[in-house]
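The values are calculated or read from the model by the stated rules, or taken from the named source; none is laboratory data. Here the structure is a predicted model, which is why all the values come from computation and not from measurement. Neighbour counts are summed over all protein chains in view; Cβ atoms, including those assigned to glycine, are modelled from backbone coordinates with ideal geometry. Note: accessible area is taken over every heavy atom of the protein model, side chains too, but ligands, DNA and RNA are not part of it. Shrake-Rupley method; radii C 1.70, N 1.55, O 1.52, S 1.80 Å.
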Amino acid sequence: MLAYIPWNVDPEIFRVGPLAVRYYGLMWALAFYLGYVVFNKFVKKEGLKEGFLDSLTVYMVVGTVIGARLGHCLFYEPEYYLSHPLEILKIWQGGLASHGAAIGILLALILFVRQSGKTYLWTLDRVVIVVALGGSFIRLGNLMNSEIYGYFTSLPWGFIYVRDGQTDPRHPTQIYEALSYLILFFGLLNYYRKNYKTMKEGTIFGVFLI
């Protein structure tokens, strides 16, 4: 039985000239797509007006991408990006932060609710369900990038991240978090299905934060 798992996955799926398709980008795309599919079920269940989801999707995508990019640039390398502001626009070169995306989403939804006819907490209760699902895919993208791994471990499922120059097993925290988000998604979705007509606004959002 192996005492560790060697992890040496190429983060690029394929490359055509200067354009590379990466697992991380694919995971983000899947997060948006499946989030749309799930939220569309909310729209049909609650009889929301036509165009509601399309408008929400635009706000979510713009808020997520801008927030994630600025989060990476300003949280991790502010000196470089403030000195080279045009580099911030080169999103195809990589660099997205999920906590920046969270801030971007919260700000974008403030703008969205002004024309949606719904309250901020009502919207957040439903958005965080699909955010939990998306978070699971994004953490799997981190795994494919061999990044944000955990402390050293002697457990048999420890990963050695070969591409990052590691030689000792570490906790695959990306998998831990991806599974946690997935459990959270199904738990919140189940609660929504049973209580969406009667639940107090902010309940699902509060559980998500906890």
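The figures follow:
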read-out	value
Accessible-area composition of the chain, carbon plus sulfur, in percent [1.4 Å probe]	66 percent
Structure-derived Rg/Rh (Cα atoms, Kirkwood Rh): which label, when the choices are [x] 0.95; [y] 0.99; [z] 1.01	[z]
Residue-averaged 222 nm ellipticity for the chain, from DSSP H runs of 4+ at -39500 (n - 2.57), nearest 500	-21000 deg cm²/dmol
Distance in nm between pseudo-label sites at ASP10 and VAL207 (7 Å out along the Cβ direction from Cα)	4.4 nm
Highest-fluctuation residue, LEU89, LEU189, LEU124 considered, GNM on the chain with Cα pairs under 10 Å	LEU89
Residue-count net charge about TYR149 - beta-carbon cut-off 9 Å; Lys, Arg +1, Asp, Glu -1	-1
For peptides 6-18, 134-146, sequence by mean Cβ density within 10 Å, most packed first	134-146, 6-18
Where GluC sites (Glu not before Pro) fall in DSSP loop in the range 19-105, at most 14 other Cβ within 10 Å	GLU50
